[in-house]
Amino acid sequence: MNQQENATKATVMFYNVENLFPPDPVARKNFNPKFSGLTNWNKERYENKLQKIAKVFDLVKMQYSQLPLLVGLSEVQGKVPLKALLEQPTFENRFEFVLYESLDERGVDVALLYDRTRVEVLESRPLVYFFNIPDSDPENYDTTRDVLYCKIRFQSVVFHLYVLHLPSKRADNINAPKRAFILSDLKKEFERHSTTQEPVLLMGDFNEDPTSGMIQDVLKSQGQKELLRNPFLQLYQSHVFSAYHKRQGLLFDQILLSPQFFEQSALLQFSNAKVFNHAKLATWDRKSSGRPYRTYAGRRYLGGFSDHFPVLIEFKILLNRPQDEDHAN
């Protein structure tokens, strides 16, 4: 039987969910906490947000016949909203999550959702970064979101997964050196995995487009050995975007893969990359047609899904690899 015929499919997804925060406490006299930083972020809006994000997964399931094996998330504040999200019917009580609360100044974290019936998380840890610490006073620490590391087993394949949300674009791009430092530090890990032929998957909101020099740099070792491939480069060059800033299309959301996922004999074999820009996730405003239907536009509540579209990688799962056949004989 042809290998391509003897295959099923699976997806891996990343989604910046735009401020998935628990609701702020009800305001009382002389006490009006805004832990979220959002305007009137109450229980009703929070529950609508959970239902909206669950609807995204319904649409993914409808298109791909099943939910992703793994889902990286960013802009999640703590474990409470993740627990509530996974209680939504679409997840069928099959998913669990990994999250470490970081020292990010807004309290937003990255997380991993995984289908425990299909994959196993063997180990996990946060990679923590501090910048420009002038003294020992924690109030002066320049912190950012952690990078989440997980070691994953899918059937006979074990691979290293990283989920990140690099420091955001700001005036004069002052956070660019921080993004470059984190990627350079991660590159050392990828080089170490490369020496032992261990597959790597890196997903996240890079706050850089695929053509960025710092992303290009992480793809190869100092000796120009290929460490990762970025299938989202071609999408970006074809003007396919996951987010927008003013009139500019952006593809900050990307999933990078080590060469092992592209081999013909791989159990998990790369098939294609996609921005999941389903029409039901897009705004109906004529001026912003085709862009993500956001939850907020500045302080104005819109009630949408997120200001980013999800991105996905589709894999072929080869059911009968040559090495498996040899072993059986």
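Before we move on, is E120 out of contact with any Cys (no Cβ under 7 Å at 6 or more places or on another chain), of a type in the set (D, E), within 23 Å of E198 (Cα to Cα) and touching a residue at least 12 places away in the same chain (Cβ under 8 Å)?
So E120 passes the test.
Would region 132-143 turn up any residue that is touching a residue at least 40 places away in the same chain (Cβ under 8 Å) and not hydroxyl-bearing (S, T, Y)?
no
Which pairs have Cβ atoms under 7 Å, sit 6 or more apart or on different chains, and link a residue in region 295-317 that is surrounded by 18 or more Cβ atoms within 10 Å (Cβ to Cβ) to one that is of a type in the set (D, E)?
Taking only residues 6 or more apart or on different chains, the pairs are T295/E18; S306/E18; D307/E18; H308/E18; H308/D253; V311/D253.
Each row is one residue, and each column tells you yes or no for (1) more than 23 Å from P167 (Cα to Cα); (2) under 19 Å from the mean Cα position of the chain (by Cα).
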{"position": "N40", "(1), (2)": "yes, no"}
{"position": "D58", "(1), (2)": "yes, yes"}
{"position": "M62", "(1), (2)": "yes, no"}
{"position": "L86", "(1), (2)": "yes, yes"}
{"position": "E92", "(1), (2)": "yes, no"}
{"position": "F95", "(1), (2)": "yes, yes"}
{"position": "V98", "(1), (2)": "no, yes"}
{"position": "S102", "(1), (2)": "no, yes"}
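Would you check if there is a residue in region 112-122 being part of a strand (DSSP E or B), exposed (fewer than 14 other Cβ atoms within 10 Å of the Cβ) and at pLDDT 95 or above?
Yes, region 112-122 contains a residue that is part of a strand (DSSP E or B), exposed (fewer than 14 other Cβ atoms within 10 Å of the Cβ) and at pLDDT 95 or above.
Could you tell me how many of the residues in region 146-168 are under 19 Å from L73 (Cα atoms) and out of contact with any strand residue (DSSP E or B) (no Cβ under 8 Å at 6 or more places or on another chain)?
Residues flagged as under 19 Å from L73 (Cα atoms) and out of contact with any strand residue (DSSP E or B) (no Cβ under 8 Å at 6 or more places or on another chain) within region 146-168 amount to 2.
Would you check which residues across region 152-204 are assigned to a strand (DSSP E or B), surrounded by fewer than 19 Cβ atoms within 10 Å (Cβ to Cβ) and out of contact with any Asp or Glu (no Cβ under 9 Å at 6 or more places or on another chain) and list them?
V157
State the number of residues belonging to region 231-256 that are assigned to a loop (DSSP other than H, G, I, E, B) and either of a type in the set (D, E, K, R) or closer than 12 Å to S212 by Cβ (or both).
Narrowing region 231-256 to residues assigned to a loop (DSSP other than H, G, I, E, B): 231, 238-242, 246-247, 251-252.
Narrowing the set further to residues that are either of a type in the set (D, E, K, R) or closer than 12 Å to S212 by Cβ (or both) leaves 246-247, 251-252.
Result for region 231-256: 4.
Any idea which residue in region 210-230 is farthest from E314 (Cα to Cα), counting only those that are at pLDDT 95 or above and in a loop (DSSP other than H, G, I, E, B)?
Here the residue is S212.
Taking the residues in region 266-295 that are assigned to a loop (DSSP other than H, G, I, E, B), modelled with pLDDT of 95 or more and out of contact with any strand residue (DSSP E or B) (no Cβ under 7 Å at 6 or more places or on another chain) as candidates, determine which candidate is nearest to Q234 (Cα to Cα).
Top of the filtered list is N277.
Read through the list (1) touching a strand residue (DSSP E or B) at 6+ places or on another chain (Cβ under 9 Å); (2) at positive phi; (3) not acidic (D, E), then give the number of the only condition that G107 fails.
(1)
From the residues in region 123-144 that are at pLDDT below 90 and among the hydroxyl-bearing types (S, T, Y), which one is surrounded by the most Cβ atoms within 10 Å (Cβ to Cβ)?
T144
Determine which member of the set S168, S184 is modelled with pLDDT of 95 or more and among the small types (G, A, S).
Step by step, each of S168, S184 is checked, and only S184 is modelled with pLDDT of 95 or more and among the small types (G, A, S).
Collect the residues in region 177-230 that are more than 21 Å from Q260 (Cα to Cα) and without any contact (Cβ under 8 Å) to a residue 12 or more places away in the chain, keeping them in residue-number order.
P177, S212, G213
Exactly one condition in (1) modelled with pLDDT of 95 or more; (2) touching a strand residue (DSSP E or B) at 6+ places or on another chain (Cβ under 9 Å); (3) not aliphatic (A, V, I, L, M) is false for E47; which is it?
(2)
Going through region 43-98 one residue at a time, which ones are without any contact (Cβ under 8 Å) to a residue 40 or more places away in the chain, buried (at least 16 other Cβ atoms within 10 Å of the Cβ) and polar (S, T, N, Q)?
Once the filter is applied, which keeps residues that are without any contact (Cβ under 8 Å) to a residue 40 or more places away in the chain, buried (at least 16 other Cβ atoms within 10 Å of the Cβ) and polar (S, T, N, Q), region 43-98 yields Q88, T90.
Among the listed residues K225, K220, which satisfies the condition of being of a type outside the set (A, V, I, L, M), touching a Ser or Thr at 6+ places or on another chain (Cβ under 9 Å), farther than 20 Å from A279 by Cα and surrounded by fewer than 20 Cβ atoms within 10 Å (Cβ to Cβ)?
Step by step, each of K225, K220 is checked, and only K225 is of a type outside the set (A, V, I, L, M), touching a Ser or Thr at 6+ places or on another chain (Cβ under 9 Å), farther than 20 Å from A279 by Cα and surrounded by fewer than 20 Cβ atoms within 10 Å (Cβ to Cβ).
Yes or no, residue by residue, for (1) more than 30 Å from K52 (Cβ to Cβ); (2) in contact with a strand residue (DSSP E or B) (Cβ under 9 Å, 6 or more places away or on another chain):
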position	(1), (2)
Q224	yes, no
L250	no, yes
I255	no, yes
Y301	no, no
F305	no, yes
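The values are calculated or read from the model by the stated rules, or taken from the named source; none is laboratory data. Being a predicted model, the structure only gives us computed values, none of them experimental. A quick note on method: Cβ atoms are made from the backbone with ideal geometry, for glycine too, and the neighbour counts reach across all protein chains shown.
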